[in-house]
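The values are calculated or read from the model by the stated rules, or taken from the named source; none is laboratory data. These figures come from a predicted structure and were not determined experimentally. Note that each Cβ is placed from the backbone with ideal geometry, even for glycine, and that neighbours are counted across all protein chains shown. What goes into the accessible areas is simple: the full protein's heavy atoms, side chains included, and nothing from ligands, DNA or RNA. Shrake-Rupley method; radii C 1.70, N 1.55, O 1.52, S 1.80 Å.
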Amino acid sequence: MNQRDQQILKIALPSIVSNITVPLLGLIDTAIVGHMGDAAYIGAVAVGSMIFSLVYWMFGFLRMGTSGMTAQARGRRDLAGVVSLLTRSLVVSSVISLSVIVLQYPLREMILWLIGPTSDVRSLAVTYFNIVVWGAPAVLGVYSLSGWLVGMQNSRIPMFVSIMQNVVNIIASLCLVYGLGMKVEGVALGTVIAQYAGLLMAMLLWYRYYRRLMCWRVSLLKEKLADWLAFFRVNRDIFLRTVFLVSVNLYFTSAGARQGAVILAVNTMLMQLYLFFSYFLDGFANAGEALGGRYWGARNMTAYHEVIRRLFVWGAAMVVLFTVTYVVGGMPFLRLLTDEPHVVEASREYVWWAYLIPLAGVAAFIWDGVFIGITATRGMLVSSMIATCIFFAGVTGLMGWMGNHGLWLSMILFLAARGGVQTYLYHRTLSINP
């Protein structure tokens, strides 16, 4: 194992553990409600979780933009810039989270209208939303801190925070649901408790290991306008790129909901396999952000290109591993999530789409990390826009005669198109010295 592999794994492995806990959080919630005796509970948590996934995903630039810019500042050994980036991100995350809480009612109603769940699922999803929305400050605060830490090539603290959040969520949810007899509201309250526990731990660990950087703090009001504009330019592209991704995922959930509670439950469980792979690959993407941004900022192009080559070698290995795992263990895994016979039986017809996810998505996930690290965010925006057009063209032409299979085929084409366009853009315009 060469030096670059060691550097990649030092960042990727803790990030993988951290990222895997994100779908694990959803898996635990799905497994808890999956044994309550009604598919509507699965659908309600799916819709409620999707609302917050969409909302928080829209503001994922707090993590991604902060990570890439911090990595480049670290590569330039600009400690004042490193501290300023964290401060900017935390200020913006605070403003956004308060806005989400203030505008929670119109936000909830708009997204529920777009998804269009059945009445039984909708009422339970509203209950879930009304509780979990109060965790917004904690979630977005952790986004900012995690992005900054990854940019500093410290993926261990985000890993510890994620593990602790999941332990707290499991214990709290099980106690509230099975100990106090709560249902969806117990799952929701357990999630909020875990979110604030994660924020507290992240702040304490930052203070323990990085308080020496406080001597570099500067007034944001005294910073150059150009620095603020650069911060918002990078985040603007990431935000708009995320709008396209959110539109795809929102339509995917909405199309499943319109086919009834059973198909919604099937798609929800299969999406857990999609999320599991994507968050696993995001560990290597995080390595691309940290190392790519560092060497790009330091103008060390030999090391930069070597990192990219090794990232794709690791990506190919992950494709083989996950494809085999899904083929062998896909259905047994789905049966662990629910014992509803109609849902299990319907899953057999669609599970093979999960087998295609690793090959279709690997390039998009790794290129995202590289593009974020070098802040080539316009390329991410363009690739997402083109892939989104392909997705909606697919569902328009395929769902009428293929049904839910047409929906899944469109999702696979969407993933492949993102990676294909990013590969083209990189080799045409970005594989040069900064």
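Of note:
- Residue satisfying condition, being among the aromatic types (Phe, Trp, Tyr) and surrounded by fewer than 24 Cβ atoms within 10 Å (Cβ to Cβ), within set PHE284, PHE312: PHE312
- Top-ranked residue of segment 369-387 - restricted to ones that are open to solvent by 10 Å² or more (accessible area, probe 1.4 Å) and touching a Ser or Thr at 6+ places or on another chain (Cβ under 9 Å), ranked as nearest to LEU62 (Cα to Cα): ALA376
- Of all the numbered requirements in (1) under 20 Å from the mean Cα position of the chain (by Cα); (2) modelled with pLDDT under 90, SER431 misses one, and that requirement is (1).
- Filter result for LEU245 (open to solvent by 10 Å² or more (accessible area, probe 1.4 Å), in contact (Cβ under 8 Å) with a residue 40 or more places away in the chain, under 30 Å from ILE374 (Cα atoms) and part of a helix (DSSP H, G or I)): no
- Scanning segment 154-193 for residues that are under 19 Å from the mean Cα position of the chain (by Cα) and surrounded by fewer than 22 Cβ atoms within 10 Å (Cβ to Cβ), we see that the one that is farthest from ASN130 (Cα to Cα) is ASN154.
- Within segment 390-407, if we keep just the residues that are open to solvent by 60 Å² or more (accessible area, probe 1.4 Å) and without any contact (Cβ under 8 Å) to a residue 24 or more places away in the chain, the residue that is nearest to the chain's Cα centre (by Cα) turns out to be ALA393.
Let's see how each residue does on (1) modelled with pLDDT under 85; (2) open to solvent by 60 Å² or more (accessible area, probe 1.4 Å); (3) under 20 Å from the mean Cα position of the chain (by Cα):
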site: LEU264; (1), (2), (3): yes, no, no
site: GLN272; (1), (2), (3): yes, no, yes
site: GLY288; (1), (2), (3): no, no, yes
site: GLU306; (1), (2), (3): no, no, no
site: VAL320; (1), (2), (3): no, yes, no
site: VAL324; (1), (2), (3): no, yes, no
site: GLU340; (1), (2), (3): yes, no, no
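- One residue from SER84, SER119 being touching a residue at least 40 places away in the same chain (Cβ under 8 Å), more than 23 Å from VAL246 (Cα to Cα) and among the hydroxyl-bearing types (Ser, Thr, Tyr): SER84
- Here is the figure for segment 171-187: residues that are in contact with a Leu (Cβ under 9 Å, 6 or more places away or on another chain) and assigned to a helix (DSSP H, G or I) total 7.
- Any hit, segment 256-276, residues being assigned to a helix (DSSP H, G or I) and under 23 Å from THR375 (Cα atoms): no
- Residues satisfying the stated conditions in segment 190-231, i.e. outside any helix (DSSP H, G or I) and either of a type in the set (A, V, I, L, M) or modelled with pLDDT of 85 or more (or both): VAL218
- Residue in segment 73-91 that is surrounded by fewer than 24 Cβ atoms within 10 Å (Cβ to Cβ), under 20 Å from VAL126 (Cβ atoms) and modelled with pLDDT of 80 or more present: no
- Restricted to helices (runs of 4 or more DSSP H) entirely inside segment 77-135, those with at least 1 residues that are under 20 Å from LEU149 (Cα atoms) are 79-102.
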